[in-house]
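What follows is a single structure, written as structure tokens, with notes after it.
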Amino acid sequence: MQHVHAFGDDALGDSDAVGLVERLRAGEVSPIELVDAAIARAEAVNPQLNALAYRAFDRARENARRGAGAGQSGYFQGVPTFVKDNVDVAGMPTMQGTDAWQPHPAAADGAFAKLYLNTGLIPLGKSQLSEFGFSASAEHPRIGAVRNPWNTDYTAAASSSGSAAFVAAGAVPIAHANDGGGSIRIPAACNGLVGLKPSRGRLPLDRDMGAMPVRIVYNGVVTRSVRDTAAFYAEAERIWRNSKLPPIGDIRAPGAQRLRVAVTAQSISRETSAEVRELTLKTAALLEELGHHVEYLDRPPVPAQFADDFLLYWAFLATALVKGGRRMFGPTFDRSRLDNLTIGLDRHATRHLYRLPLAIARLASVRRRHTAPLYSDYDVVLTPTLAHETPKVGHLTPTASYEQVIDRLMDWVTFTPLQNVTGEPAISLPLAESAAGLPVGMMFTAPIGQDARLLELAYELEAAKPWPTIAARA
């Protein structure tokens, strides 16, 4: 197995983001030392991982020398990061994981970047993703595959693949990710990270993402520790808060409440592998050892038609990008440079457009009719994050036929899209490991607004079963 990491005896060491904040405040390191170390690490691992979409190293150094990121007093002042290349950052291009048009720098920060940079984080540039975030594996035919730092024969998953690969490999401790069907939780699961998809409305969205008929996209971060994720949400809430949601607050420890946990390893429409099912049951047993009340469900409380409805809606989003490409991305947009998955999704939506209104109506009712009633009996639901172990690079290549790629995607990504539709928070934790030695994520979901409950549980599980970093296994 080929591990790729950059952990070493430099300014970053093996600290998480909160640890770096503590060292910065103690005067043990400076922002420029951290940024220089992160740049050196990114340059060291990127040739093998292909995680970098755009480098802004000189800009990061200048920000660090001034002692600030874009913000002036954020908690993470001076900590290096990456921003996923599908949100706008002023002065950087936004290429959405494709090369189908000529890049140009964004004129201004998008709504999310304004918040993210005001936490004090210093971006080194943009991280790579699958084309428009449609695939759960970033394997563009010309840009190349983003590879898993635990073993580069395997995918780093997607769509927030570059961010997850850089965090797992130690280049930065925290990076932006977003999630339209699992794209925070999937790469977190495959790279051994913490990935919280927050409640709908918890964090701001750029205009294009917020204008969807069903708002399925959510911003967030991937980290190596629960406290980094918790600290990010505490700081984000200080800067921008949705008053319609209960506050998360500053979560720093496990909760005392023993939870009612529903467990199922049966996906909505496809079979879960025997290995993943067994690992899920072991996680349930750990919860019982910790005093939580666990009950087993035969299957998720979701109609069988959910998978087809979600696919049609996903395909509809592709159609909007393909058909409106020149208007959105300029006259250099060339649809012939799009990958087979994007083109195939567009064709699927075009053929079935007459079904879309009813599909949207059914999706909009899923939480009210199916998942919300579940939480009258349970506090949390446990499932695996993914139905199978992490696949090798090539299994989901978009150079294959659309029919092959979409069938394999729907076979693997069967648990995560539900929470994108319902708006409920869900967190993937690296609580298991496959026979091949790769991380396997376990996913916990709670009622909408109860993000704090998931963070408290995550703290408890991290303490009970600490997960390793790549450096510890190399």
Note to self: As an exercise: evaluate R142 against (1) crowded, with 24+ Cβ neighbours inside 10 Å; (2) in a loop (DSSP other than H, G, I, E, B) and give the number of the one condition it does not meet.
What the structure shows: (1)
Next item on the list: Considering only segment 216-231, state which residues are assigned to a loop (DSSP other than H, G, I, E, B) and not β-branched (V, I, T).
Entry: R224, S225
Item checked: Residue within segment 276-291 that is farther than 23 Å from E456 by Cα and open to solvent by 50 Å² or more (accessible area, probe 1.4 Å) present -> yes
Check: Of the residues that sit in segment 97-123 and are open to solvent by 30 Å² or more (accessible area, probe 1.4 Å) and polar (S, T, N, Q), which one is nearest to A236 (Cα to Cα)?
Finding: N118
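For (1) touching a His at 6+ places or on another chain (Cβ under 8 Å); (2) open to solvent by less than 10 Å² (accessible area, probe 1.4 Å); (3) of a type in the set (K, R); (4) at pLDDT below 95, each residue gets a yes or a no:
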position	(1), (2), (3), (4)
N420	no, yes, no, no
P425	no, yes, no, no
A436	no, no, no, yes
L454	no, yes, no, no
Y459	no, no, no, no
A472	no, no, no, yes
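Matching residues to (1) over 19 Å from P447 (Cα atoms); (2) surrounded by fewer than 20 Cβ atoms within 10 Å (Cβ to Cβ); (3) touching a Leu at 6+ places or on another chain (Cβ under 8 Å):
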position: P301; (1), (2), (3): no, yes, yes
position: D308; (1), (2), (3): yes, yes, no
position: W314; (1), (2), (3): yes, no, yes
position: A320; (1), (2), (3): yes, yes, no
position: T350; (1), (2), (3): yes, yes, no
position: L353; (1), (2), (3): yes, yes, no
position: A364; (1), (2), (3): no, yes, no
position: D377; (1), (2), (3): no, yes, no
position: V381; (1), (2), (3): no, no, yes
Next item on the list: Go over the candidates F57, F82, F76 one by one and state the one that is surrounded by fewer than 19 Cβ atoms within 10 Å (Cβ to Cβ) and aromatic (F, W, Y).
Entry: F57
Next item on the list: Six or more apart or on different chains, Cβ under 6 Å: which pairs go from a residue in segment 409-427 that's over 18 Å from P373 (Cβ atoms) to one that's modelled with pLDDT under 95 and not hydroxyl-bearing (S, T, Y)? Could you list them?
Entry: D411/R270; T414/I268; T414/R270
Checklist line | Selection from segment 60-73 of residues that are surrounded by fewer than 17 Cβ atoms within 10 Å (Cβ to Cβ) and either modelled with pLDDT under 95 or more than 20 Å from D36 (Cα to Cα) (or both) | finding: R65, R66, G67, Q72, S73
Next item on the list: Answer with yes or no whether R215 is under 30 Å from V4 (Cα atoms), open to solvent by 20 Å² or more (accessible area, probe 1.4 Å), within 20 Å of the chain's Cα centre (by Cα) and in contact (Cβ under 8 Å) with a residue 12 or more places away in the chain.
Entry: no
Next item on the list: Please list, ordered by first then second residue, the pairs with beta carbon atoms under 8 Å, 6 or more apart or interchain, first in segment 317-343 and closer than 21 Å to M410 by Cα and of a type in the set (A, V, I, L, M), second open to solvent by 80 Å² or more (accessible area, probe 1.4 Å) and in a helix (DSSP H, G or I).
Entry: I343/R335
Checklist line | Subset tally (residues that are of a type outside the set (D, E) and closer than 18 Å to R224 by Cα) for segment 1-30 | finding: 16
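The values are calculated or read from the model by the stated rules, or taken from the named source; none is laboratory data. Keep in mind that what you see is a predicted model, and the values were worked out from it rather than measured. Ideal geometry is used to build each Cβ from the backbone, glycine not excepted, and the neighbour counts take in all protein chains shown. Surface accessibility is based on the protein's heavy atoms, side chains included, excluding ligands, DNA and RNA. Shrake-Rupley method; radii C 1.70, N 1.55, O 1.52, S 1.80 Å.
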